[in-house]
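Colleague: First the structure, then my questions, so here it is.
Bear in mind that the values in this text are calculations on the coordinates, not laboratory data. These numbers come from a predicted model, not from an experiment. Cβ placement follows ideal geometry from the backbone for every residue including glycine, while neighbour counts extend to all protein chains displayed.
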Amino acid sequence: MLRFILEVLAVVPLRAMQLTTILNHGYHFPRFVYPHARFGPDQKSIEIAVRPREGSAALCAGCRRPAPGYDHLPERSFECIPFWGFLVFFLYSMRRVNCRRCGVVGEEVPWGDGKHQLSKAYMLFLARWARQLSWKETAEAFHTSWEKVCAAVAYVVTFGLQHRTLAPLRAMGVDEMPYAKGHKYLTLVYQIDPHLTRLLWVGRERTVESFHGFFTLMGEELAAQIQLVCSDLWKPYLQVLREQCSPALHILDRFPIVSQMNKALDEVRAAEAREMARAGHQPLLKKTRWCVLQRKDHLTPQQKFRLRDLLRYNLRTVRAYLLKEDFPQFWNYNSPTWAGMFLEFWCRQTMRSRIEPMKKIARMLRAHRPLLLHYFKARKEFSSGVVEGLHHKAKVTMRKSYGFRTFRILELALYHSLGKLPEPELTHEFF
Ligand SMILES: [Zn+2]
């Protein structure tokens, strides 16, 4: 196969094109040469020899300055981007240098680093694909292992976190994300400025201590620049935000309120359905779960019919449903005064409903009335869907099978797909 390819390439009138010619053309390093390329012993891989260019001193990996040689390590391989069905390896004997500043250390090589089996170009290549596909699919597509894909993503993310700039930061959102089983949560912090939305930070747990970690990373100066914060009603978040960015306008994210109402409604429906079954009534609430939880415009014609039928009955579920459906009007007001009046009206109605899960929500909304009304002050410069959008992207990222669901893996996957991190630069654009 390769011979055939080389023959075809030889038609190029300039000269017979060899692999090393292509490499010298696109992936050239002044301090190194490619003396030859050959098939590996299995005939399924290509080995490309690399040597230091004569007379060029090795660079110390510690300080990146030329240093006198010390010794050679045994030849090792760096896996490169495979092509035309062949795995490709660079073979090189790493030198050690005796650096005046750093002592005896390994040399710096431009295509890889001492710790990784894969070349930098290949890691970037795999990591880019791992953003489009799941990690498992990426490993399968390029005949490599899940672990190598994971190492590639870790390399690119580590580089990105070291090289990103955090300032300027005006608006941020805090979001909680369930993961694994057994009520474990991550805290995600996003930048939600109009010119840049990205994931800034992933925290273990959703406690005061863990959320403080974000502000430690930011530093006081950057935290002081924040003008707007958006969060849900989780107490530790509210507390830390009060402590760390009290001058910022604090608004509540709409989405968690909607989902809490849905949860309350679901509770009411399930309890009432059980009661009706126990009392031997007609099972009116059977198959109504999605009819009441979904947004109306997402219902199938059959579900719409089911819902219309259900609404004729005087059930707690129906009353809770009507309250839930009524609430979103709140967000449509322009004036905080009218919005405030609507809020009070809705809460009063709900408190009279004698439906405890809904009353709980009314009490919670009342307790956070000022925060809720901040929404109307901030609306002009902030689109409330941003946090919700990022939340869904994060969920999709986590749902794709990333293998072991450890915190570290989730953290990598999230930074990788939502962090908009800078990537290492290559001298050649492999695609
Ligand atoms: Zn050094």
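Colleague: Between Rg and the Kirkwood Rh of the range 2-115, both from Cα atoms, what is the Rg to Rh ratio?
Modeller: 1.04
Colleague: Report the residue, chosen from 338, 129, 84, that carries the largest GNM mean-square fluctuation when the chain is represented by alpha-carbon nodes joined by springs under 10 Å.
Modeller: 84
Colleague: Quick check for me: using +1 on Lys/Arg Cβ and -1 on Asp/Glu Cβ, what's the dipole size of the range 2-115 about its Cα centre, in debye to the nearest 20?
Modeller: Computed about the Cα centre, the dipole is about 400 debye.
Colleague: By how many degrees, 0 to 90 and rounded to 10, does the Cα axis of helix 254-278 deviate from the longest principal axis of the chain?
Modeller: The helix 254-278 is inclined about 60 degrees to the chain.
Colleague: Could you tell me which residue out of 68, 36, 48 lies farthest along the dipole of the range 25-76 toward its positive end? Charges go on the beta carbon: Lys and Arg +1, Asp and Glu -1, centred on the Cα centre.
Modeller: It is 68, whose Cα lies furthest towards the positive end.
Colleague: Expressed in nm to one decimal, what extension gain is obtained for the pair residue 195 and residue 396 from 0.36 nm per residue of sequence separation less their Cα-Cα distance?
Modeller: 70.0 nm
Colleague: Separate question: Measure up 115/400; 181/393; 359/395 against 25 Å on the Cα-Cα distance and list the ones that go over.
Modeller: Exceeds cut-off: 115/400; 359/395.
Colleague: Name every cysteine in the chain that ends up alone, with no second cysteine's Cβ under 4.7 Å, or say none.
Modeller: Flagged as lacking a Cys partner: 63, 80, 150, 230, 245, 291, 347.
Colleague: To the nearest 500 deg cm²/dmol, what mean residue ellipticity at 222 nm is calculated for the chain from DSSP H runs of n ≥ 4 alone, each contributing -39,500 (n - 2.57), summed and divided by the residues?
Modeller: Counting only the DSSP helices, I get -14000 deg cm²/dmol.
Colleague: Right, something else. What is the distance, in nm, between label points placed 7 Å from the Cα along the Cα-to-Cβ direction at residue 161 and at residue 335?
Modeller: The modelled label-to-label distance comes out at 5.0 nm.
Colleague: Okay, moving on. Set the Förster distance to 35 Å, then compute FRET efficiency between residue 17 and residue 133 from the Cβ-Cβ distance, nearest 0.05.
Modeller: According to the calculation, E is roughly 0.65.
Colleague: Placing +1 at every Lys and Arg Cβ and -1 at every Asp and Glu Cβ, with all other atoms neutral, what dipole size does the chain have around its Cα centre, in debye to the nearest 20?
Modeller: 1740
Colleague: Could the peptides 148-161, 31-44 be put in order, highest first, of the mean number of other beta-carbon atoms found within 10 Å of their residues?
Modeller: Descending mean neighbour count gives 148-161, 31-44.
Colleague: With angles folded into 0 to 90 degrees, how steeply does helix 235-244 sit against the dominant principal axis of the chain? Use alpha carbons for both and round to 10.
Modeller: 70
Colleague: Could you tell me which residue out of 219, 142, 239 lies farthest along the dipole of the chain toward its positive end? Charges go on the beta carbon: Lys and Arg +1, Asp and Glu -1, centred on the Cα centre.
Modeller: 239
Colleague: From Cα coordinates alone, what are the radius of gyration and Dmax values for the range 262-321 in angstrom?
Modeller: In order Rg, Dmax, the Cα atoms of the range 262-321 give 11.0, 34 Å.
Colleague: Round to the nearest 10 and give me the degree value, 0 to 90, for the angle of helix 356-367's Cα axis relative to the longest principal axis of the chain.
Modeller: Once rounded, one gets 70 degrees.
Colleague: Which three semi-axes in whole Å describe the equivalent ellipsoid of the chain, each the square root of 5 times a Cα gyration tensor eigenvalue, listed largest first?
Modeller: With the √(5λ) rule applied to the chain, the semi-axes are 58, 27, 18 Å.
Colleague: Please work out how much length the chain gains when fully extended from residue 430 to residue 242, using 0.36 nm per residue of separation minus the C-alpha to C-alpha distance, in nm with one decimal.
Modeller: 62.9 nm
Colleague: A further question follows. What's the percent breakdown of Cα-Cα distances in the range 255-381 across 10 Å bins, shortest bin first?
Modeller: 12, 40, 31, 14, 3, 0
Colleague: Give me the net charge of residue 165's neighbourhood, meaning all other residues with Cβ under 12 Å from the Cβ of residue 165; Lys, Arg count +1, Asp, Glu -1.
Modeller: After counting each charged neighbour, the total is +3.
Colleague: Considering the dipole of the chain built from charges on the beta carbon (Lys and Arg +1, Asp and Glu -1) around the Cα centre, which of 229, 88, 340 is farthest to its positive end?
Modeller: Most positive-ward Cα: 340.
Colleague: What's the Cα-based Rg to Rh of the range 201-312, Rh via Kirkwood?
Modeller: 1.21
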